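Scroll down for the structure; my scribbles are underneath it.
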There are 2 protein chains.
Amino acid sequence: MANLATKPYVIGIDMGGTNTAFGIVDARGNVIASDSIKTGKHSDINDYIDELYTEITRIVEANDAVGKINGIGIGAPNANYYTGIIEDGVNLPWPTPIPLAELITDKFGIPCVITNDANAAAIGEMTYGVARGMKDFIMITLGTGVGSGIVINGQMVYGHDGFAGELGHVVMKRNNGRMCGCGRTGCLEAYCSATGVARTAREFLDIRTDDSKLRELDADKITSKDVYDCAVAGDKLAKEIFEYTGTILGEALADFTTFSSPEAFVLFGGLTKSGDLIMKPVRDAFEKNVMKVFKGKVKILISELKESDAAVLGASALGWEVKE
Amino acid sequence: MANLATKPYVIGIDMGGTNTAFGIVDARGNVIASDSIKTGKHSDINDYIDELYTEITRIVEANDAVGKINGIGIGAPNANYYTGIIEDGVNLPWPTPIPLAELITDKFGIPCVITNDANAAAIGEMTYGVARGMKDFIMITLGTGVGSGIVINGQMVYGHDGFAGELGHVVMKRNNGRMCGCGRTGCLEAYCSATGVARTAREFLDIRTDDSKLRELDADKITSKDVYDCAVAGDKLAKEIFEYTGTILGEALADFTTFSSPEAFVLFGGLTKSGDLIMKPVRDAFEKNVMKVFKGKVKILISELKESDAAVLGASALGWEVKE
């Protein structure tokens, strides 16, 4: 994408409910400078935009990048690429919809493109990460929720309305499925997010009687990190929680393959740090469940982008495709 | 697509296990002339190609179309768009793989493109049917099996290896799912194909005790047409079979929507003739199960192409995109 750009740098902004991280990035994916502000500090969106402008201008000036910014890319929850608007149902301190792309473009005098966080991650992976050179892959982000960004024929899939790629909300359990934050039941996200792993832990502790180090913890406060720590220490029940989680994810990836026959899935986020504990059951369940014609053909990879930089990098990659 | 073509006609060939239909088509989708031969008549693929050549040449000459054919498009089971080859696992009288595109191009001296039947149907729908002007839609063919052709950003989705769009093999029942022809269990195709409807009929008759006209038939020979006839005649159990089938299909379409957020689904094939018997439960289950952000936004349409012409039309549309 970078070859159409007329200026040497882009700015990436990763807007989360708690923090907003931002950075200046060059065409090779080097983060020249970065910083962050608290998203929730301002009750008025315009004050937030003002602080963002002040802080970004500061690092732009300090790095001799004034006049050298090709575009601004933002990854934000429920951000619509087509409309430039953050839609309803997000954990942000301001009323929605928010015309974010327009607000930023007006304030900075630099064209801005926005998309949701998982799409930004996919673009980052395609531009700078393990998916470089791939025309067909699916990014799965395993965080508090499960997000996805789909690339087909070298293009991000936005769908007819900008909301494509909600694979965290494919139904994996049609009977007695868990409640999901989206208001439905049985979604992939209710099982394979960090929160889902903690829910599985509580469920296993409830219905089973075998020993586990997890029983020493306050069940209501168990996190996926606790499950990881116990599993690494050899706890059998904790390991089985990862097997359960990985199996559901592998079954889901097998179904997704029938859709776009991707060259690879790229997994990203905290859960992937559990390594083989999660990846082995994912790969096993994938190969067991996928159609014969796809067996042995689809790579399941872990993102190699540095987690601290990845969100900003992904968002920044959008800054190369702005239209003035 | 037609605007890149240099000649006024294309030839479409629909290659099925029993019959091969073919026709000359103009840029407006008029079938100028058509005919068919028996696929199974020749034990040698070359004899089959020879007969096809003789018969197509006959209608080309009779319609003053010599030298006016832009390309040949073929829809065939397991036909790979990228390689031009018919892969394994198909119900054809010759050994696979079959380098069909090359055989036809060599014999006819006209460039040939092949794809699987469901993709051909999607291209036909986009070029001449209800999906004209749509950039994002999903074609679902409900015949002996369930096929699909996916269009995103105005392009057919072939995937990295040419095998994308196998949505008939997404798993809808993970526990005690029916055996599917693909060797796995619980696939959409095992429930929502014509064969699936007949299987549901036998299952319902087995486990239920209520009256039904279907009980007057030989259970082993019940077809989806029998279920339709009984439902139209007011048979309650037959109607419930369509509700069961339509509900599963609607749930599947709701999941597919999270992938590419299509503007529409276009349903095609025998089962759609059952009209509201099947379409009402499909639409109800879709709206009930789809994520909130998609509710009320996605059209579920029935193909308007004449069934007798549709397969040839769909295949022919590929003839506009040949590269010489």
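What follows is calculated from the coordinates using simple rules that are stated; it is not laboratory data. None of these values were measured; they are calculated from a predicted model. Quick reminder, even Gly has a Cβ in these numbers, built from the backbone with ideal geometry, and neighbours come from all protein chains shown.
For this structure, a couple of remarks:
- Reported to the nearest whole Å, the Cα centre-to-centre distance from the stretch B:200-228 to the stretch B:60-82 is 43.
- Integer Hz, Karplus 6.51/-1.76/1.60 couplings in order for the stretch A:115-128, x for Gly and Pro: 7, 6, 4, 6, 5, 4, 4, 5, 5, x, 5, 6, 7, 10
- Cross-link partners of residue A:297 among lysines (Cα-Cα below 26 Å; sequence separation of 8 or more within a chain): A:135, A:273, A:280, A:288, B:173
- DSSP finds beta bridges in the protein assembly as shown, and of those with both partners inside it, around 60 percent are antiparallel.
- Across chain A, Cα pairs under 8 Å and at least six residues apart give a relative contact order of 22 percent.
- Antiparallel content of DSSP bridges confined to the stretch A:1-140, in %, to 5: 65
- Available extension along the chain between residue B:96 and residue B:202 is 34.7 nm, counting 0.36 nm per residue and deducting the alpha carbon span.
- Between copies, the label points of residue B:288, set 7 Å from Cα on the Cα→Cβ line, lie 3.1 nm apart, reported in increasing order to one decimal in nanometres.
- Modelled this way, with points 7 Å down the Cα-to-C-beta line, the labels at residue B:33 and residue A:61 are 7.9 nm from one another.
- Each residue, residue A:304 and residue B:273, gets one label point 7 Å from its Cα in the Cβ direction; the gap between the two is 5.6 nm.
- With a cut-off of 18 Å on the backbone N, the residues of the stretch A:166-189 near the modelled label site 7 Å out from residue B:288 along Cα-Cβ are A:171-180, A:183-187.
- With helices as the sole contributors, chain B gives -11500 deg cm²/dmol at 222 nm; each DSSP H run of n ≥ 4 counts as -39500 (n - 2.57), and the sum is divided by every residue.
- Charged side chains reduced to their Cβ positions (Lys and Arg at +1, Asp and Glu at -1) give the stretch B:133-303 a dipole of some 360 debye around its Cα centre.
- Here is how far apart the residue A:33 label points are across copies: 7.5 nm, shortest first, using a point 7 Å from Cα toward Cβ.
- For residue B:299, the aspartates and glutamates whose Cα comes closer than 17 Å to its Cα, not counting residues fewer than 8 places off in the same chain, are A:161, B:125, B:136, B:251, B:255, B:263, B:276, B:284, B:287.
- Cβ-vector label at 7 Å, residue B:154, separations to other copies in nm: 1.6
- Over the stretch B:133-303, relative contact order from alpha-carbon pairs under 8 Å, at least 6 apart, %: 23
- Cα pair distances of the protein assembly as shown binned at 10 Å [whole percent]: 3, 15, 22, 23, 19, 11, 5, 1, 0
- Cβ charges +1 (Lys, Arg) and -1 (Asp, Glu), total dipole of chain B, debye: 1020
- Toward the positive end of the charge dipole of the protein assembly as shown, with +1 on the Cβ of Lys and Arg and -1 on the Cβ of Asp and Glu, the farthest Cα among A:315, B:219, B:109 is that of B:219.
- Between the listed residues A:149, A:270, A:296, the Cα displaced farthest toward the positive end of the dipole of the stretch A:133-303, a dipole computed from Cβ unit charges relative to the Cα centre, is found at A:296.
- Computed log₁₀ I(q)/I(0) - Debye formula, equal Cα scatterers, no solvent, chain A, q 0.08, 0.09 Å⁻¹: -0.38, -0.48
- With the biggest extent put first, the Cα atoms of the stretch B:133-303 measure 50, 34, 26 Å across the principal axes.
- Globularity index of the stretch A:189-228 is 1.07 (Cα radius of gyration / 2.2 N^0.38 Å, N = number of residues).
- Percent antiparallel among DSSP beta bridges (both partners in chain B, rounded to 5): 60
- Euclidean distance of C-alpha centroids, the stretch B:108-156 and the stretch A:270-296, integer Å: 31
- A straight Cα-to-Cα reach below 18 Å connects residue B:221 with the lysines B:213, residues fewer than 8 places away in its own chain not being considered.
- 0 to 90° range, to nearest 10: angle between helix A:307-317 axis and chain A longest Cα axis: 50
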